[in-house]
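Dumping the structure here so I can ask a few things about it.
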Amino acid sequence: AGGLYLVATPIGAARDITLRALDILGAADVLAAEDTRSLRKLMEIHGVALGQRPLIAYHDHNGARVRPRLIEALGAGKSVAYASEAGTPMVADPGFDLVRAAIEEGYPLVSAPGPSAAITALTLSGLPTDRFLFAGFLPGAAGQRKTALSELADAPATLVFYESPKRAAAMLRDAAEVLGADRQAALARELTKKFEEVLRGTLGELAAEIAGNPRKGEMVVLVDRAGKGTVNFDDVERALKAVIGDMSV
Ligand code: SAM
């Protein structure tokens with residue numbers, strides 16, 4: 001049936017694609033992808049033939065130019081399947097303006113859900129999952145990054161950040177400074193891939209580990225919510241002494 005189909009693709013392990021996603025990729029009249037090469041490769045791995053169907057590049061740099069063509073196809077009653085380079089479209093990835101345009105024109109919108117690094121990392125982090133705040137990528141400039149972190153400091157939710165390996169050390173250092181070095185955190189990298197690794201500890205510990213022993217690969221940084229930090233025994237001792245002092249009068 002005609003409409004815009006948002007197709008989630010693997011974040012590493014090629015077999016993480018869903019059967020329904022493969023059906024949609026096999027049947028859509030028009031395919032659009034953030035990265036046509038990676039979608040082509042994924043379809044090849046799973047034996048989904050492209051045939052004579054168009055495979056159109058759609059990303060942040062050409063979206064304004066290419067979007068009318070995709071909307072026109074939808075207008076002609078065609079099915080258009082859109083995939084990001086990896087994971088779920090629009091989660092720190094293009095597709096938002098396309099979805100808005102499809103909604104505004106009243107075309108059917110269908111999601112074929114699947115992997116996303118944020119959710120995968122949450123499940124492995126050991127941090128509470130009842131409430132989480134997806135914060136995407138922080139700004140690259142240190143000043144802006146600290147401001148963005150301080151805006152999130154009191155959010156009553158596990159914080160989930162995407163980060164590049166190049167910036168991880170600086171990001172963890174700033175997070176430890178702004179959010180507190182004692183906060184529990186996790187760094188999950190290369191998820192579903194051969195060198196998958198999850199580091200868990202305080203922000204201070206993770207910052208020191210990554211500064212001393214930088215890691216490569218794609219990564220997600222997660223930080224526990226504020227407010228249930230470790231007990232400060234100096235404060236407890238002071239309070240107890242005050243009470244005991246009162247009693248002995
Ligand atoms: N749309 C994707 C999703 O649903 O997760 C995210 C795309 S975003 C441009 C790329 C970022 O996602 C990476 O910089 C990294 O932070 C995270 N990411 C993607 N794949 C990952 C993986 N296999 N392991 C850890 N993080 C990953």
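Please report the orientation-averaged projected area of the chain, defined via the convex hull of its C-alpha atoms, in nm². All intermediate terms of the calculation are to be shown ahead of the outcome.
Details: hull surface 69.5 nm².
Average of the hull's projected areas for the chain equals 17.4 nm².
So for the pair Ser111, Arg20, with labels modelled 7 Å out along Cα→Cβ, what separation do we get in nm?
1.1 nm
Once label points are set 7 Å from the Cα along Cα→Cβ at both Phe137 and Ile45, what is their separation, rounded to one decimal in nm?
2.3 nm
Return the loop-located GluC sites (Glu not before Pro) in the range 175-206 (DSSP other than H, G, I, E, B) with at most 16 other Cβ atoms within 10 Å of their own Cβ; answer none if there are none. Mind showing how you got there, number by number?
On the way: sites: Glu177, Glu190, Glu196, Glu197, Glu205; in loops: Glu190, Glu196.
Qualifying residues, ordered by number: Glu196.
How many angstrom separate the Cα center of the range 16-39 from the Cα center of the range 105-153?
24 Å
Can you sort Leu98, Leu152 from fewest to most other Cβ atoms within 10 Å of each residue's own Cβ? Don't skip to the answer; put the middle values down first.
Details: Leu98 24, Leu152 18.
Listing Leu98, Leu152 from fewest to most nearby Cβ atoms yields Leu152, Leu98.
OK, next. What's the extension gain from Phe195 to Ala13 if we count 0.36 nm per residue and subtract their Cα-Cα distance?
Working: separation 182, 0.36 × 182 = 65.52 nm, distance 1.15 nm.
This chain segment gains 64.4 nm when fully extended.
With a point put 7 Å past each Cα toward its Cβ, work out how far Ala155 is from Asp130 in nm, to one decimal.
1.9 nm
Moving on. How large is the convex hull of the C-alpha atoms of the range 127-246 per residue, in Å³?
On the way: hull volume 14.7 nm³, N = 120.
Cα-based convex hull of the range 127-246, divided per residue, equals 122 Å³.
Would you pull out the residues with amide H under 5 Å of Phe137's amide H, same chain only if 5 or more places away, H placed 1.01 Å from N?
Tyr162
In the chain, what % of DSSP beta bridges are antiparallel (nearest 5)?
Numbers: 17 of 38 bridges.
Within the chain, antiparallel bridges account for around 45 percent of the total.
Which ³J(HN,Hα) values in Hz, rounded to whole numbers, follow from the phi angles of the range 129-144 under the Karplus curve 6.51 cos²θ - 1.76 cosθ + 1.60, where θ = phi - 60° and Gly and Pro get x?
10, 5, 9, 9, 10, 7, 9, x, 8, 6, x, x, 7, 4, x, 5
Where does the charge balance sit around Asp174 when Lys and Arg score +1, Asp and Glu -1, over other residues with C-beta under 15 Å from its C-beta? Walk me through the numbers before you get to the answer.
Working: positive: Arg145, Lys146, Lys166, Arg167, Arg173, Arg183; negative: Glu151, Glu163, Glu177.
Residues near Asp174 contribute +3 overall.
Could I ask something else about it? Would you please give the residues with an amide H less than 5 Å from that of Ile56, counting only those at least 5 places away or on a separate chain, with H modeled from the backbone geometry?
Under 5 Å from the amide H of Ile56: Leu31, Ala32, Ala33.
Count the lysine pairs in the chain whose Cα atoms lie under 23 Å apart, taking only pairs 8 or more positions apart in sequence or on different chains.
9
Quote the FRET efficiency, to the nearest 0.05, computed for Thr123 versus Ser164 with a Förster distance R0 of 25 Å and r equal to the Cβ-Cβ distance.
Values: r = 22 Å, r/R0 = 0.88.
So, using R0 = 25 Å, E works out to roughly 0.70.
I've got another one for you. Could you give the length gained by full extension between Ala211 and Leu240, i.e. 0.36 nm per residue of separation minus their alpha carbon distance, to one decimal place? Could the numbers behind the result be given before it?
Values: separation 29, 0.36 × 29 = 10.44 nm, distance 3.86 nm.
Going from the current span to full extension adds 6.6 nm.
What order do you get for Tyr107, Tyr5 when you list them from fewest to most C-beta neighbours inside 10 Å? Could the numbers behind the result be given before it?
Working: Tyr107 18, Tyr5 25.
In increasing order of surrounding Cβ atoms, one gets Tyr107, Tyr5.
Same structure again: Over the chain, with a Gaussian network built from C-alpha contacts below 10 Å, which listed residue (Ala86, Ala101, Ala169) shows the highest mean-square fluctuation?
Of Ala86, Ala101, Ala169, the most mobile in the Gaussian network model is Ala101.
Tell me the net charge near Asp93. Cut-off is 11 Å between Cβ atoms, Asp93 excluded, with +1 for each Lys or Arg and -1 for each Asp or Glu.
Working: positive: none; negative: Glu34, Asp35, Asp60, Glu85.
Taking every Cβ under 11 Å from that of Asp93, the sum is -4.
OK, next. Assuming 0.36 nm per residue, please report the length gained on full extension of the stretch Glu72 to Asp60 beyond their Cα-Cα distance.
Net length gain for the segment: 2.4 nm.
Values quoted throughout were computed directly from the atomic coordinates according to the rules given, and no laboratory measurement underlies them. From a predicted model like this one, the values you see are computed outputs, not experimental measurements. All Cβ positions, glycine included, derive from the backbone under ideal geometry; neighbour counts span all protein chains shown.
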